[in-house]
Amino acid sequence: MSNKILKIYEKSLYMLINVLFGSVLIVGCLQVFFRYFIGSSLVWSEEFCRYVFVWLVLLGATAGIPRGVHLSVDLLSRKMGVKLGAILSIITSLFVIGFLITLVWQGAIIVSHNMSQASAAMGLPLGIIFLAIPVCGLLMIFEFGRLILKNLAILKKNGGS
């Protein structure tokens with residue numbers, strides 16, 4: 001995949017995360033303003049913030065994969081050296097991809113079962129909110145695939161097969 005396409009993908013992902021974070025911040029502040037200064041609450045704001053936060057967390061988790069910011073126990077990989085560390089990273093990534101495939105599959109089932117049910121305040125189909133699970137699961141699979149390719153390049157560079 002071309003570096004230009006990857007840069008566009010990464011910038012789009014970070015932009016979407018920033019827009020979602022900004023929307024939660026703005027709606028949350030508006031809710032406080034309306035409740036305490038106007039005396040009337042925005043009925044939909046809490047639900048909006050909750051559902052956008054679900055998307056925000058899962059997209060943020062996706063964005064953290066290439067940066068290596070997720071919690072991990074790296075005691076073994078630091079002691080193993082570059083080649084064995086890369087092998088361990090590949091094995092770990094394959095296990096995570098296996099989990100993510102299950103997450104995407106079950107998430108798609110949840111989405112299909114909840115498209116006809118509407119949220120209480122906004123009236124949105126709940127399937128749209130649950131769509132975050134399979135969509136972000138697919139994005140995470142993509143990111144872990146990139147991580148595997150990066151580690152395979154390390155192995156190739158260091159004489160591994």
Q. Roughly speaking, what is the stretch gain from Phe99 to Cys29, that is 0.36 nm per residue apart minus the C-alpha to C-alpha distance, in nm to one decimal?
A. 21.5 nm
Q.
Need one number: nm distance between label points at Leu152 and Ile5, each 7 Å from Cα along Cα→Cβ, rounded to one decimal.
A. 1.6 nm
Q | CD proxy at 222 nm, helix term only [per DSSP H run n ≥ 4: -39500 (n - 2.57); per residue of the chain; nearest 500] | A | -26500 deg cm²/dmol
Q. If only Cα atoms are counted, what is the Rg of the range 1-64, and what is its Dmax, in Å?
A. 15.6, 54
Q: For the chain, with all protein chains present and a 1.4 Å probe, just round the carbon and sulfur fraction of the accessible area to a whole percent.
A: 72 percent
Q.
Given a 1.4 Å probe and heavy atoms of the protein chains only, how would you sort Leu42, Leu131, Leu94, largest accessible area at the top?
A. Leu94, Leu131, Leu42
(Q) Tell me the volume per residue, in Å³, of the convex hull enclosing the alpha carbons of the range 21-161. (A) 111 Å³
Q. So if R0 is 41 Å, what FRET efficiency would Thr92 and Ser40 give, r being the distance between their Cβ atoms, rounded to the nearest 0.05?
A. 0.20
Q: Taking 7 Å along the Cα-to-C-beta vector as the label spot, tell me the Gln106-Ser72 distance in nanometres, rounded to one decimal.
A: 2.4 nm
(Q) Binning at 5 angstrom from zero up to the longest distance, how are the C-alpha pair distances of the range 44-109 distributed in percent? (A) 4, 13, 14, 21, 17, 12, 9, 5, 3, 2, 0
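The values are calculated or read from the model by the stated rules, or taken from the named source; none is laboratory data. Note that the structure is a prediction, hence the values are computed from the model and not measured. Note: ideal-geometry Cβ built from the backbone for every residue, glycine included; neighbour counts use all protein chains shown. In case anyone asks, the SASA skips ligands and DNA or RNA and just uses the protein heavy atoms, side chains included. Shrake-Rupley method; radii C 1.70, N 1.55, O 1.52, S 1.80 Å.
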